[in-house]
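Below is one structure; the comments refer to it alone.
The values are calculated or read from the model by the stated rules, or taken from the named source; none is laboratory data. A quick note: this is a predicted structure, and the numbers were derived from the prediction, not measured. Methodologically, a virtual Cβ is constructed for each residue, glycine included, from the backbone with ideal geometry; neighbour enumeration extends over all protein chains shown.
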Amino acid sequence: MIRMSHDRSLFGRLIGLLYPFMLLLSFYIILNGHASPGGGFQGGAVLATVLISRYLTYPVADFRRKHLQMAEKILFGAILLLPILLLFSRPGWLIAPYDRWYLVAMNVLIGLKVGTGLSIIFYRFAAETR
């Protein structure tokens, strides 16, 4: 593997410039998934590419995989808990299953879960190849 200086790396500068736009794009896809094609999974995949490109640019382990795994477990619990809470708190919500706020909340939870899950997979592969 070729190591380049991170201060002068063209890839590092390009990712530094594109980082905010990629984050914005991922949250745009997640938040507009209820009204257009896309949503949680696609936005989460873009979010994971942001985290992966950050690691490829600056390969320091400044955040722990354990924290990502804990966040993924919490998000999974929230994905399971939200429909159950809505089912018991609003009995008539099944009449309008495409409630906009429910879909946006589920897209956000799924997007964050997919982003953390794909990042964990990448970081596990990166840790094994060191």
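Here are some notes:
- Single residue of the stretch 15-39 satisfying the filter (crowded, with 17+ Cβ neighbours inside 10 Å and modelled with pLDDT under 85) that is farthest from residue 123 (Cα to Cα): 34
- Test: residue 47 is exposed (fewer than 14 other Cβ atoms within 10 Å of the Cβ) and modelled with pLDDT of 80 or more: no
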